[in-house]
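See structure below.
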Amino acid sequence: MRIRELVPWRNREREHELSRRGEIRDPFTALETQMRRYFDDFFEGFDLAPFGKGGLHEAGLTPKVDVAETNDAVHVTADLPGMSENDIEVTLSDGHLHIRGEKHAEKEEKDKNYHRIERTYGSFQRSIALPAEVDSENVDASFKNGVLSVVLPKVATASSGKKIAVKKTP
């Protein structure tokens, strides 16, 4: 038996195939395989797999973030569609940028035969370790069209390579 066969989430396809052919002899493994199949089938249309496969990113609860560093600043961009600037909190502490927020959406459909209201709520938090020391007094954050942009200017450091004259003391 190979090590990869011992990891249960890597072996689902093989379990499904063996179960279909009736080759799983252990009743507990067969039951587990069938229950996984039921859960996978149930959650298939929700874009949210219950045991991995995308998780919170796929459900849209955790924003996708880009971090870029230039000579004078660190630029952080986060995709937050469907949110407003009032739903977002940005803080800076201990060399980390923290982005917190709460998404809430309500969709209502009415027809002569039905009335449906769907509500989606969820909070998220992302903490990004900054690659350089930044000037916390001059951070600029802006929000436009569902995109949060944060510019964190780097702290000016002493220039290296400067020659220092050594004086003779009497």
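The values are calculated or read from the model by the stated rules, or taken from the named source; none is laboratory data. Just so we're clear, the structure is a prediction, and the values are computed from it rather than from any experiment. Note: accessible area is taken over every heavy atom of the protein model, side chains too, but ligands, DNA and RNA are not part of it. Shrake-Rupley method; radii C 1.70, N 1.55, O 1.52, S 1.80 Å.
In whole Hz, what ³J(HN,Hα) sequence does the range 118-127 give by Karplus (6.51, -1.76, 1.60; θ = phi - 60°), x for Gly and Pro?
Karplus-based 3J(HN,Hα) across the range 118-127 equals 10, 10, 10, 10, x, 10, 9, 8, 10, 10 Hz.
Whole-Hz ³J(HN,Hα) for each residue in the range 65-70, computed from phi via Karplus 6.51 cos²θ - 1.76 cosθ + 1.60 with θ = phi - 60°, x for glycine and proline: what do you get?
Values, residue by residue: 10, 10, 10, 10, 10, 10 Hz.
Rounded, prolate or oblate: which fits the range 68-170 when a ≥ b ≥ c are the square roots of the eigenvalues of the alpha-carbon gyration tensor, with rounded for a/c under 1.5 and prolate only if a/b beats b/c?
Taking the square roots of the gyration eigenvalues as a ≥ b ≥ c, the range 68-170 is prolate.
Taking θ = phi - 60°, what integer Hz values does the Karplus form 6.51 cos²θ - 1.76 cosθ + 1.60 yield along the range 104-114, in sequence order, with x for Gly and Pro?
9, 9, 9, 10, 10, 10, 10, 9, 5, 9, 7
Express in Å², to the nearest 10, the accessible area of Val166 obtained by rolling a 1.4 Å probe over the protein heavy atoms while all chains stay in place.
Here the accessible area works out near 140 Å².
Roughly speaking, to the nearest percent, how much of the range 55-158's 1.4 Å accessible area is carbon and sulfur?
44 percent
At 1.4 Å probe size, put Glu109, Glu32 in order of accessible surface, largest to smallest.
Glu32, Glu109
Starting from the Cα-Cα distance between Asn145 and Asp66, subtract it from 0.36 nm times their residue separation and give me the gain in nm to one decimal.
Computed gain between Asn145 and Asp66 is 26.8 nm.
Under the rule of at least 5 residues apart or a separate chain, name every residue whose amide H is placed under 5 Å from the amide H of Lys154.
Under 5 Å from the amide H of Lys154 lie the amide H atoms of Ala73, Val74, Asp135, each far enough along the sequence or on another chain.
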